[in-house]
Every structure is written in C-alpha cells, then in structure tokens.
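Below you'll find the structure, written out as structure tokens, and then a few comments.
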Amino acid sequence: QVQVVESGGGLVQPGESLRLSCAASGDIFSIQAMGWYRQAPGKQRELVAVTTADGSTNYADSLKGRFTISRGNTENTVYLQLDHLKPAATAVYYCNYRLLSSSAYAPRNYWGPGTQVTVSS
C-alpha cells in the first residue's frame, strides 16, 4: 500500500504565494516521477509540473515562471511553489507519484486526495 498526502492549500489574495507539500509513504521501491496537477471547477484535470528521477522538470507552458516544482530533502517529498497567484489558479491541486512498489511488477500512478487553493480578494 502507498499513501500520498498533500498539504499547504488555502485562501490567498491575488499576487500572494503558497507552497504546497506532498509526501508519499508505504511500499515504495523506486519513484519514476513526481508531479502536480490541478482541476478547476467545471474543467478537466491538467498538468501543472512534473519532475522525474533524473532530475528533469516540465511545466505547463502557461505556468512557467510563476510555479516551481522541487524535491524535498527526503526522497519521497515534493513541493510546488505558487507565486504571483491569480484568481484563475483557483483549483484543487493533486499530487501524483509514478512509482514501483516492491510487491508490483510495473510502475503505477498514485494520487493524493487533493488540496484546495483559492485565490480571491
């Protein structure tokens, strides 16, 4: 079993910043990628940023320069720094791990329950 939990969401005003955190625990043999996605009301879930095992990162084109993904000091943590927030960033932010468990034959995706980010004046 693998557990993924996000934290750090909340209500902020336009222009402010937030830092989201995510940690995975349980039966983890190796992690291929860690990423953040978001889903705004009435819209599909979309990629925000992802970092892979080799350290490379990819961002949604529209978010480059304002959001930053980073790895924590412990191997299984990942952060998302949200700067210069706009109301359009309001969404539930989900953390995703693509990892291999010791009990599995192939990697699979694991999702957290999500954390709400609301940007409003």
Restricting attention to the stretch 35-57, does a residue exist that is in contact with a Pro (Cβ under 9 Å, 6 or more places away or on another chain), on the phi < 0 side of the Ramachandran plot and modelled with pLDDT of 95 or more? no
If you go through the stretch 73-84 one residue at a time, do you hit one that is at pLDDT below 95 and touching a Gly at 6+ places or on another chain (Cβ under 8 Å)? yes
Can you pull out every residue in the stretch 61-78 that is more than 15 Å from residue 31 (Cβ to Cβ) and either surrounded by 15 or more Cβ atoms within 10 Å (Cβ to Cβ) or small (Gly, Ala, Ser) (or both)? 62, 63, 65, 66, 67, 68
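Yes/no matrix, rows are residues, columns are (1) surrounded by 19 or more Cβ atoms within 10 Å (Cβ to Cβ); (2) among the acidic types (Asp, Glu); (3) under 13 Å from residue 111 (Cα atoms):
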| site | (1), (2), (3) |
| --- | --- |
| 3 | no, no, yes |
| 11 | no, no, no |
| 19 | no, no, no |
| 31 | yes, no, no |
| 41 | no, no, no |
| 44 | no, no, no |
Could you list, in sequence order, all residues of the stretch 90-118 that are within 14 Å of residue 20 (Cβ to Cβ) and either modelled with pLDDT under 95 or in a loop (DSSP other than H, G, I, E, B) (or both)? 90, 112, 113, 114
Flagged pairs (Cβ under 7 angstrom, 6 or more apart or on separate chains; first in the stretch 100-111, among the acidic types (Asp, Glu); second modelled with pLDDT under 95) are none
Counted residues, the stretch 46-60 - those being more than 18 Å from residue 111 (Cα to Cα) and open to solvent by less than 80 Å² (accessible area, probe 1.4 Å): 5
Going by the conditions given, is residue 121 surrounded by fewer than 16 Cβ atoms within 10 Å (Cβ to Cβ) and either without any contact (Cβ under 8 Å) to a residue 12 or more places away in the chain or in a loop (DSSP other than H, G, I, E, B) (or both)? yes
Kindly provide the set of residues from the stretch 80-106 that are within 30 Å of residue 1 (Cα to Cα) and open to solvent by 50 Å² or more (accessible area, probe 1.4 Å), ordered by number. 81, 98, 102, 103, 105, 106
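The values are calculated or read from the model by the stated rules, or taken from the named source; none is laboratory data. All of these numbers come straight from a predicted model, not from anything done at the bench. FYI the Cβ positions are ideal-geometry reconstructions off the backbone, even for glycines, and counts take in every protein chain you see. Calculation scope for accessible area: heavy atoms of the full protein, side chains included, ligands and nucleic acids excluded. Shrake-Rupley method; radii C 1.70, N 1.55, O 1.52, S 1.80 Å.
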